[in-house]
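Only the coordinates and a few stated rules stand behind these numbers; no lab work does. Computed from a predicted model, the values in this text were never measured in an experiment. Backbone-built Cβ (ideal geometry, glycine too); neighbour counts: all protein chains shown.
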Amino acid sequence: MVSILKDIPIENIKIVPCRVNGPRGIVKSFLVSGDDRLILVDTGFSDADADIIMNAIKDMDHRHEDLKLCILTHRHGDHTGGLKKLKKTLKFQVMAHELDMPAIQKTTGYDVEHVVRGGERLPDCGGINVLHTPGHTAGHISLHLPRIKTLIAGDAIVSAGEHLVVSPAYLSSDPETANQSVRRLIEMNLDLERLLVGHGDDVYEGAKSNLSRIFAGPRE
């Protein structure tokens, strides 16, 4: 596990720590250098986070015009709240799951142009697989980038100290389904080195092993 405040390079990905989000701490966005475009995953929860993201784009030596797609892992405001200002300033399209799309469109006032169900594959970075991981919300999605052995888990998984855990029950619309989604991720036996989460510290090596221990109970 590595602190979210450390800027450790990851191939094709820049982690963008946004502002402190109440008792849950910092919420993160991710910028993915795709094939001839920049992809944003989640937007933080405010206009201030949109500013942080736009500055991060410049830090990557990209132009704001390079941002072509924003993927929202789910409908919660701490992941969609920066969308309004970003949309007013930049030109890009939005992708989200069909079950969270209505709430996203209602709260942000912007259309979701690309609606997914899970199972889609984007061509960027050798392929980005869209995984439906419901439970935290009905339309929660995670992103698997197999070429760089990385999973962007959104809020399906969070870190608690030195351990990965399923998103807490009190924050999830369906805690049992949230557990089932993570069990499915484990059963997929993904070849992972890195696991990036919306809240808490990220795993930079040995992510597959860390993921498999989520339901194993406390370690000796």
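Over the chain, what portion of Cα pair distances is larger than 26 Å, expressed as a whole percent?
Every Cα pair in the chain considered, those over 26 Å come to 27 percent.
Using label points projected 7 Å from each Cα along Cα→Cβ, tell me how many nm separate E176 and T89, to one decimal.
Here the modelled spin labels are 4.4 nm apart.
Please return the longest stretch of the chain lacking exposed loop sites, where chymotrypsin sites (Phe, Trp or Tyr not before Pro) count only if DSSP places them in a loop and at most 16 other Cβ atoms lie within 10 Å.
That would be 1-203.
Check each of the trypsin sites (Lys or Arg not before Pro) in region 133-220 and keep only those in coil by DSSP with at most 11 other C-beta atoms within 10 angstrom; list them in order.
R219
Between their Cα atoms, which of K84/K149; K91/K149; K58/K84; K58/K208; K58/K106; K58/K88 are more than 22 Å away from each other?
The pairs that break the limit, which is 22 Å between Cα atoms, are K84/K149; K91/K149; K58/K208; K58/K106.
For region 29-55 and region 98-121, what is the centre-to-centre distance using only Cα atoms, to the nearest Å?
17
Can you work out the Karplus-derived ³J(HN,Hα) for every residue in region 171-177? Use 6.51 cos²θ - 1.76 cosθ + 1.60 with θ = phi - 60°, whole Hz, and x for glycine or proline.
Values, residue by residue: 9, 10, 6, 8, x, 5, 5 Hz.
Which trypsin sites (Lys or Arg not before Pro) in region 51-95 pass both tests, a DSSP loop state and at most 11 other beta-carbon atoms within 10 Å?
Sites meeting the loop and neighbour criteria: R63, K91.
Expressed as an acute angle from 0 to 90° and rounded to the nearest 10, what is the orientation of the C-alpha long axis of helix 47-59 relative to the principal long axis of the chain?
With rounding to tens, the tilt is 90 degrees.
Could you work out how far apart the two model spin labels at V165 and M188 are, taking each label as a point 7 Å from the Cα in the direction of the beta carbon, and quote it in nm?
Placing both labels 7 Å along Cα→Cβ, they lie 2.3 nm apart.
Under 10 Å, Cα contacts only: if you run a Gaussian network model on the chain, which one of I157, I52, I71 comes out with the highest mean-square fluctuation?
I52
Among P123, P175, P134, which one moves the most in a GNM of the chain with springs linking Cα atoms closer than 10 Å?
Maximum among the listed residues: P123.
When the chain is modelled as a GNM with alpha-carbon springs shorter than 10 Å, which of M188, M101, M54 fluctuates the most?
M188
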